[in-house]
Amino acid sequence: MLKKTIVGTVAGALLTIGLMGSAFAANETNSAVPKTKEAHKARLEAKAAAKGLTLEQWTQKHQAHKAELEQKAQAAGLTLEQYKQDLKLTKQQHKEDKQEKIQQKADKKGISVEQYVAQRKAQHAEAVKKAQELGITVQEYLHQQTAELKAKHKAERQAKHEEKRQAKLQAKKAAASVNK
């Protein structure tokens, strides 16, 4: 009799714990999904506000983006879900390619990826600072720097070419004077 009581008590306790666990799980699941239209609207308004938009603006942007994706999917001959999956894979491949490129550049310099990234961030911060000092955008500053480097390299190539040309002329003169 005592065994039956203990078994019954344990079984009841396990059943109660099981039911409580599923009740908590149901509450957690339900809390993620809005229970009412108002809650759903509030969640969307929060998303819009986080982007500095009104709900109407956010909805318009969202619908325009969805329409654009549907149009691109149709042009590619895919369903929207297939297109999204392809887009996701393409982004992942791009990310992997970028990481590989960073790894190669770090290896070429003989430093770790972390050190390379830190150097690039420092260079960018320096470019931002100098661009602000000049009152231009970072992009304009970088274009300016690139143009200056190209001009410098062009001048160096021209000087080297002129040097070679002068050396050839002197060699011809020397050969002509020897032949006389």
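The values are calculated or read from the model by the stated rules, or taken from the named source; none is laboratory data. Just so you know, these numbers come straight off a predicted model, no measurement behind them. Heads up, the Cβs are rebuilt from the backbone with ideal geometry, glycines too, and the neighbour counts pull from every protein chain shown.
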Check Lys152, Lys160, Lys130, Lys121 and return the single one that is touching a helix residue (DSSP H, G or I) at 6+ places or on another chain (Cβ under 7 Å) and either in a helix (DSSP H, G or I) or free of Cβ contacts under 8 Å to residues at least 60 places away in the same chain (or both).
Lys130
On the given criteria, is Glu140 more than 30 Å from Lys47 (Cα to Cα) and either modelled with pLDDT under 95 or not aliphatic (A, V, I, L, M) (or both)?
yes
Residues in region 107-118 that are closer than 20 Å to Glu96 by Cα and assigned to a loop (DSSP other than H, G, I, E, B): how many?
2
Residues located in region 119-171, provided they are polar (S, T, N, Q) and either surrounded by 12 or more Cβ atoms within 10 Å (Cβ to Cβ) or more than 30 Å from Lys98 (Cα to Cα) (or both)
Gln119, Gln132, Thr137, Gln144, Gln145, Gln158, Gln166, Gln170
Matching entry among Lys88, Lys84, Lys66 (being out of contact with any helix residue (DSSP H, G or I) (no Cβ under 9 Å at 6 or more places or on another chain) and at pLDDT 90 or above)
Lys88
What about Leu44, is it under 23 Å from the mean Cα position of the chain (by Cα), surrounded by 12 or more Cβ atoms within 10 Å (Cβ to Cβ) and part of a helix (DSSP H, G or I)?
no
